[in-house]
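One structure is given below, encoded as structure tokens.
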Amino acid sequence: MATEANTALKLRVEGMDCGACAIKIENGLKRLPGVTEINVNYGLETLSLVLDEDRTSRGSVEDRIRSLGYAPRAMTGEGADAGKTSAGERGVSARAWWQTRKGQLVIGTGVLLGLAFIIATVAPAIAEWAYLVAALLGVLPILRRAVAGARHGTPFSIETLMSVAAIGAVAIGESAEAAIVVFLFAVGEILENVAAGRARAGIEALMNLVPRVARRERDGVATEVPADELAIDDLVVVRPGDRVPSDGEVVEGSSELDEAPVTGESVPVLKEAGSTVYAGSINANGVLRVRITRTAADNTIARIIHLVEEAQGSKAPTARFIDRFSAYYTPAAMVVSALIIVVPPLLFGAEWSTWIYRGLATLLIACPCALVISTPAAIASGLAAGARHGLLVKGGAALETLGKVRTVAFDKTGTLTVGKPRVTDIIPLEGEEADILARAAAVECGSSHPLGEAIVEAAEQRDLELPKMFGGAMAIPGKAVTARLREGFVSVGSPRYAAEQGNLSPELNARLEALEAAGKTAVVVLSGKRAVGVIALRDEPREDAATGVARLNALGIRTVMLTGDNRRTADAIAGSLGLEARAELLPDAKLSEIAALREHGGIAMVGDGINDAPALAASSVGIAMGGGTDVALETADAALLKNRVTGVAELIRLSRATLGNIRQNIALALGLKAVFLITTLTGVTTLWMAILADTGATVLVTINALRLLRFQGDHLTDPGDER
């Protein structure tokens with residue numbers, strides 16, 4: 001964390017297009033004194049770090065970045081909490097490709113190659129000299145970057161391979177090929193940069209959801225102001241066709257809002273006084289007056305962008321493995337290239353020039369760019385595609401894990417069900433219905449448990465006067481709540497708790513079993529240890545719960561419901577939805593159940609993100625339900641903003657598509673290298689074909705990863721092999 005002596009610095013670094021670029025910058029900055037907490041995100045072209053300016057100045061940091069071949073730019077909202085700036089302040093680079101360093105390298109090397117070709121045509125006698133000058137001038141900026149990388153901790157970079165190959169080609173009299181290779185390398189880099197920019201489209205689309213201006217109302221007069229200037233409790237007018245400028249609460253008006261850009265919910269949602277609205281939602285018809293509850297820097301869109309940025313910046317397990325692999329792969333490739341050059345001439349008397357040429361071609365083919373970018377490009381596209389459809393995943397690790405889970409465990413209340421049970425039956429064993437309900441509501445008054453809230457709500461609807469409670473209520477987790485009323489201690493507890501008190505008659509047991517068989521939850525009201533009444537409640541399943549479970553089963557996923565509810569109620573609900581049930585689980589037992597299920601493969605736990613935090617943390621990957629709430633965005637490893645059970649199957653399909661895409665990318669990268677290695681050793685591949693093969697592999701891998709952006713939730717359009 002930054003202190004008074006330190007400064008949190010955030011920069012945009014233009015020119016990064018793969019993981020190798022990020023590693024090069026990170027290695028270079030690590031060697032500067034006073035630079036810590038370096039975080040490079042090549043997908044977003046951003047760099048954040050903590051800087052001790054007494055030891056290293058900001059200018060020195062920017063100079064180091066420039067020496068490595070990249071362009072640092074200041075970012076708005078810079079600081080320790082720069083990630084919390086508003087969406088509008090996160091604008092991406094608007095520079096055209098020809099204005100970038102890589103674009104200028106393409107133009108420069110292209111002009112040199114064109115001039116050399118013209119000179120060679122007009123004066124063949126000096127053709128070799130013309131191409132020599134073009135090759136040397138073209139390779140100079142690449143060589144400078146290679147030397148800077150080597151000095152600052154990255155000796156085996158693509159620039160090193162290119163410089164060795166180009167200078168080697170000149171040394172054996174292949175200046176024309178050297179010039180072509182340098183030009184094709186520059187073209188390849190700009191193509192990679194353009195392709196990487198396409199992968200940022202998801203974030204840019206989210207940024208553009210938030211309007212730049214809002215109609216703020218003060219003293220009955222509405223005036224247009226920048227959306228970034230809105231403060232909490234400001235009143236804004238949202239007209240038909242307008243986008244909501246920030247999160248808020250409707251204070252007046254009624255209208256349907258299209259929340260698809262934010263939550264992925266395709267059906268417009270009716271909003272009335274008291275309803276919550278999200279930044280970026282589109283007002284369909286009526287005029288709304290909205291009280292702002294979050295500033296632009298902290299609204300739902302800004303926080304989604306922040307989470308996706310963090311997720312894209314984190315490395316998936318496969319990406320970390322490939323980074324480690326490439327660290328050994330590149331120097332090994334240089335050794336193999338050297339052996340190809342020296343072994344045939346020394347041991348078999350082969351022609352030196354022929355094998356030097358083939359060794360240099362091997363060096364170009366061995367470039368690890370396509371391999372390094374294979375995983376992060378797919379992960380970035382998968383994360384962006386998910387965010388556009390209300391499927392938030394916090395990092396590549398979680399996205400990979402989702403595709404490998406064998407079991408999905410659901411909490412019942414608020415996840416598979418609506419989460420708002422209501423009283424359906426009141427069975428007095430002593431006294432009147434109203435008396436039983438009033439006593440139960442008095443005990444549950446102040447309870448945060450859904451059943452307790454439903455009992456209190458039912459008493460309020462009947463305008464019942466509640467008995468006075470002496471002292472506070474005492475909860476026995478998973479069993480009962482007890483409080484002292486005028487008549488003595490009254491408890492509202494589970495049938496199991498009532499049975500432990502030893503006062504359940506066979507007739508009462510039969511009634512309880514009948515209620516539970518109907519999928520209702522029964523609680524027993526006890527006066528002391530004597531049962532005086534039964535209250536039955538039911539929490540209806542969500543409309544899409546059965547469909548969501550069926551889709552998971554169709555994917556070969558085992559589905560289980562974990563609940564503290566009784567066995568019969570759990571079986572009734574689970575049976576209607578088509579999944580297994582584990583009932584009467586206290587919090588510790590639920591964790592033990594997750595641990596047991598985890599032994600049979602990865603397990604995802606789906607909960608409402610509030611009461612299920614321990615279970616979400618204990619699972620392989622936790623998924624929080626929630627329509628853009630704080631908990632849904634900040635707990636667990638993934639969140640379903642559309643608040644639908646079917647979203648779990650969508651997450652797993654997206655993960656499987658991403659894993660399939662990664663496998664395809666790795667196969668493309670290594671497969672093309674293997675093919676061209678064989679053709680190089682047999683003398684078929686030229687130097688310019690070798691660099692074209694490497695560039696082609698990188699572009700193909702990136703384009704393949706971009707196919708994941710076609711993910712359409714319930715209507716997957718084959719973005720990759722889901723299996």
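The values are calculated or read from the model by the stated rules, or taken from the named source; none is laboratory data. Just so it is clear, the structure is predicted and the values come from calculations on it, not from any experiment. With ideal geometry, Cβ positions are generated from the backbone for all residues, glycine too; neighbour counts draw on all protein chains shown. Just the protein is used for accessible areas: all its heavy atoms, side chains included, with ligands, DNA and RNA removed. Shrake-Rupley method; radii C 1.70, N 1.55, O 1.52, S 1.80 Å.
Residues that are out of contact with any helix residue (DSSP H, G or I) (no Cβ under 6 Å at 6 or more places or on another chain) and in a loop (DSSP other than H, G, I, E, B) were ranked within segment 464-484; the one that is most open to solvent (accessible area, probe 1.4 Å) is E465. Could you please tell me which pairs satisfy a Cβ distance under 7 Å, a separation of 6+ or placement on different chains, a first residue in segment 106-127 that is within 25 Å of N193 (Cβ to Cβ), and a second residue that is of a type in the set (D, E, K, R) and in a loop (DSSP other than H, G, I, E, B)? Listed by first residue and then by second, the contacts come to nothing, as the list is empty. Among the residues of segment 633-661, those that are modelled with pLDDT under 90 and either open to solvent by 10 Å² or more (accessible area, probe 1.4 Å) or more than 13 Å from the chain's Cα centre (by Cα) (or both) comprise E634, T635, A636, D637, K642, N643, R644.
Each residue in segment 335-353 was checked for being over 16 Å from T680 (Cα atoms) and among the hydroxyl-bearing types (S, T, Y), and 0 pass.
Given the residues V244, V236, V269, which is the only one that is under 30 Å from the mean Cα position of the chain (by Cα), at negative phi and open to solvent by less than 10 Å² (accessible area, probe 1.4 Å)? Even if it seems obvious, please write down each step before you answer.
Working: V236 fails: under 30 Å from the mean Cα position of the chain (by Cα); V269 fails: open to solvent by less than 10 Å² (accessible area, probe 1.4 Å).
So the residue among V244, V236, V269 that is under 30 Å from the mean Cα position of the chain (by Cα), at negative phi and open to solvent by less than 10 Å² (accessible area, probe 1.4 Å) is V244.
Of the set (1) β-branched (V, I, T); (2) at pLDDT 90 or above; (3) open to solvent by 20 Å² or more (accessible area, probe 1.4 Å), all apply to V532 but (3). Checking each residue in segment 667-695 for being surrounded by fewer than 18 Cβ atoms within 10 Å (Cβ to Cβ) and part of a helix (DSSP H, G or I) picks out A667, L670, G671, A674, V675, I678, T679, L681.
With respect to (1) modelled with pLDDT under 90; (2) among the polar types (S, T, N, Q); (3) more than 30 Å from I304 (Cβ to Cβ), the lone exception for T679 is condition (1).
For residues that are open to solvent by 20 Å² or more (accessible area, probe 1.4 Å) and more than 12 Å from L112 (Cβ to Cβ), tally how many sit in segment 183-192.
First pass over segment 183-192, keeping only residues open to solvent by 20 Å² or more (accessible area, probe 1.4 Å): 183-184, 187, 191.
Within this subset, residues satisfying the condition of being more than 12 Å from L112 (Cβ to Cβ) are 184, 187, 191.
The qualifying residues number 3.
For segment 265-306: of the residues being among the hydroxyl-bearing types (S, T, Y) and not in a loop (DSSP other than H, G, I, E, B), which is modelled with the lowest pLDDT? Don't jump to the end; show me each part of the working.
Applying the first criterion (among the hydroxyl-bearing types (S, T, Y)) to segment 265-306 yields 266, 275-276, 278, 281, 293, 295, 300.
Restricting the remaining residues to those that are not in a loop (DSSP other than H, G, I, E, B) gives 276, 300.
On the way: T276: 89, T300: 78.
Checked segment 265-306; the qualifying residue modelled with the lowest pLDDT is T300.
Given the condition open to solvent by 50 Å² or more (accessible area, probe 1.4 Å) and assigned to a helix (DSSP H, G or I), answer yes or no: does some residue in segment 44-53 qualify? No; the residues of segment 44-53 include none that is open to solvent by 50 Å² or more (accessible area, probe 1.4 Å) and assigned to a helix (DSSP H, G or I).
Could you identify the single residue in L508, L526, L515 that is crowded, with 20+ Cβ neighbours inside 10 Å, in a helix (DSSP H, G or I) and modelled with pLDDT of 85 or more? Talk me through it step by step, then tell me what you get.
Working: L508 fails: crowded, with 20+ Cβ neighbours inside 10 Å; L526 fails: in a helix (DSSP H, G or I).
From the options L508, L526, L515, the qualifying one is L515.
Of all residues in segment 165-182, those that are more than 15 Å from A116 (Cβ to Cβ), open to solvent by 10 Å² or more (accessible area, probe 1.4 Å) and touching a helix residue (DSSP H, G or I) at 6+ places or on another chain (Cβ under 6 Å) total 2.
Just to verify a result, which residue in segment 696-711, among those that are open to solvent by less than 10 Å² (accessible area, probe 1.4 Å) and of a type in the set (G, A, S), is farthest from I356 (Cα to Cα)? Applying the filter and picking the extreme gives A705. Residue count for segment 320-365 satisfying the condition of being of a type in the set (D, E), within 25 Å of N27 (Cα to Cα) and open to solvent by 50 Å² or more (accessible area, probe 1.4 Å): 0.
Is it the case that A454 is outside any helix (DSSP H, G or I) and open to solvent by less than 60 Å² (accessible area, probe 1.4 Å)? Here the answer is no, as A454 does not meet what is asked. Return the residue satisfying two criteria in turn: it lies in segment 407-440 and is within 43 Å of the chain's Cα centre (by Cα) and of a type in the set (K, R), and of such residues it is least open to solvent (accessible area, probe 1.4 Å). The extreme case among them is K412.
Here A459 meets each of (1) free of Cβ contacts under 8 Å to residues at least 40 places away in the same chain; (2) under 25 Å from I573 (Cβ atoms) with one exception, condition (2). The one condition from (1) touching a residue at least 40 places away in the same chain (Cβ under 8 Å); (2) on the phi > 0 side of the Ramachandran plot; (3) open to solvent by 50 Å² or more (accessible area, probe 1.4 Å) that G502 does not meet is (1). In segment 354-372, the residues that are hydrophobic (A, V, I, L, M, F, W, C) reach residues that are open to solvent by 10 Å² or more (accessible area, probe 1.4 Å) and not in a helix (DSSP H, G or I) with C-beta atoms within less than 6 angstrom, at least six apart or across chains, in these pairs: I356/I172.
The residue that is modelled with the lowest pLDDT, counting only those in segment 54-93 that are in contact with a strand residue (DSSP E or B) (Cβ under 7 Å, 6 or more places away or on another chain), assigned to a loop (DSSP other than H, G, I, E, B) and aliphatic (A, V, I, L, M), is A80. Look at segment 32-45: where a residue is hydroxyl-bearing (S, T, Y) and a partner is open to solvent by 20 Å² or more (accessible area, probe 1.4 Å) and at pLDDT 90 or above, sitting 6+ places away or on another chain with Cβ atoms under 8 Å, you get T36/D52.
Looking at K404, is it closer than 15 Å to A649 by Cα and open to solvent by 10 Å² or more (accessible area, probe 1.4 Å)? Walk me through it before giving the result.
Numbers: closer than 15 Å to A649 by Cα: yes; open to solvent by 10 Å² or more (accessible area, probe 1.4 Å): yes.
The answer is yes for K404.
Tallying residues that are touching a Gly at 6+ places or on another chain (Cβ under 7 Å) and in a helix (DSSP H, G or I) within segment 529-553 yields 4.
Entry remark, segment 133-158: residues being open to solvent by less than 40 Å² (accessible area, probe 1.4 Å) and either within 18 Å of W688 (Cβ to Cβ) or over 40 Å from the mean Cα position of the chain (by Cα) (or both) number 6 in total. Scanning segment 535-586 for residues that are open to solvent by 30 Å² or more (accessible area, probe 1.4 Å) and small (G, A, S) turns up A546, A550, A554, G556, G564, A572, G575, S576, G578. Residue-level analysis places V443 outside the set of residues that are open to solvent by less than 10 Å² (accessible area, probe 1.4 Å), hydrophobic (A, V, I, L, M, F, W, C) and not in a helix (DSSP H, G or I).
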